[in-house]
Amino acid sequence: MSTKPLAKSSSPAPRSAVHPLEFLLWGFLVSVFMLFAGLTSAYMVRRADGNWLDFQLPGAFALSTVLVVVSTLTLEFARKSARRNEFPALRAYLGGTGLLGLAFLASQLYAYRQCTDQGIFLVGNPSGSFLYVLSGMHALHIAAAILAVGVMLYKAFRLDIHSKSLLGMRLLAIFWHFLTVLWLYLYAFLWWMH
């Protein structure tokens, strides 16, 4: 009886599974995307029906755009600091991200002030209503993301975020970057439609 050496198994390496929390987050983001896709579709349909008041898009929305783009960069610097265990930089960048998020909300309030100065209110002509609803829904999501930044900042001070524990930072980054891209879409959409 001859014995042949057993061939090494050439099975592929196991794929890394998506963490359940990340899977839930992606499910949530798909629903948020569908909400805004529905709202922008309704905007176009309603605009075509007539009785639409054209007005100048608030200039503060441009400032909002700059703030949200810079905040996504500071969040990436925070993630890089966490991977390197650079705790003072991690806390500084997370704090900066939170402050930029608050500045974004303040710029949205200023944009609403600019709208009211033009005579555009939430109730009245549908064009103003859509502007308030689209930007306001996004601002609510940014407020939730700012709370998540606060939680991560608290964990950063407790040294619970480090190179071996990055899931929370990953989830925050996915959420924040999604909201940044969503705002860029909304701003471009509103600018194009006005």
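The values are calculated or read from the model by the stated rules, or taken from the named source; none is laboratory data. No experiment lies behind these values; they were computed from the predicted model shown. Cβ: placed from backbone, ideal geometry, glycine included. Neighbour counts: every protein chain shown. Areas reflect the complete protein model, heavy atoms only, side chains present, ligands, DNA and RNA absent. Shrake-Rupley method; radii C 1.70, N 1.55, O 1.52, S 1.80 Å.
Could you work out [θ]222 nm for the chain from helices alone, using -39500 (n - 2.57) per DSSP H run of at least four and dividing by all its residues? Round to the nearest 500 deg cm²/dmol. Don't jump to the answer; show the numbers that get you there.
On the way: 5 runs with 143 residues, N = 194.
It comes out at -26500 deg cm²/dmol, rounded to the nearest 500.
Which value, in Å², gives the accessible area per residue of the chain when a 1.4 Å probe is used on the protein heavy atoms?
Numbers: 11320 Å² over 194 residues.
Per-residue accessible area for the chain comes out at 58 Å².
Restricting to Cα pairs below 8 Å that are 6+ residues apart, what does the relative contact order work out to for the chain? Please round to a whole percent.
On the way: 166 pairs, mean separation 55.1, N = 194.
The normalised contact order for the chain reaches 28 percent.
So if I place +1 on the C-beta of Lys and Arg and -1 on the C-beta of Asp and Glu, and nothing else carries charge, what would the dipole magnitude of the chain be about its Cα centre? I want it in debye, nearest 20.
Numbers: 15 positive and 7 negative charges, 221 e Å.
It comes to approximately 1060 debye.
Taking a sphere under 13 Å around the Cβ of residue 80 and counting the other residues whose Cβ falls inside, with K and R at +1 and D and E at -1, yields a net charge of +2. Shown for the chain: the carbon plus sulfur share of the solvent-accessible area, taken with all protein chains present and a 1.4 angstrom probe, equals 69%. Axis of helix 60-83 versus longest Cα principal axis of the chain: the two differ by about 10°, to the nearest ten degrees. Cα extents for the range 70-173 along the principal axes, largest to smallest and rounded to whole angstrom: 53, 19, 19.
Using the Cβ-Cβ distance between residue 140 and residue 181 with R0 = 22 Å, the FRET efficiency computed as 1/(1 + (r/R0)^6) comes to roughly 0.85. Hydrodynamic estimate: the Kirkwood radius of the chain over Cα pairs, inserted into Stokes-Einstein at 20 °C and 1.002 mPa s, corresponds to D of 113 µm²/s.
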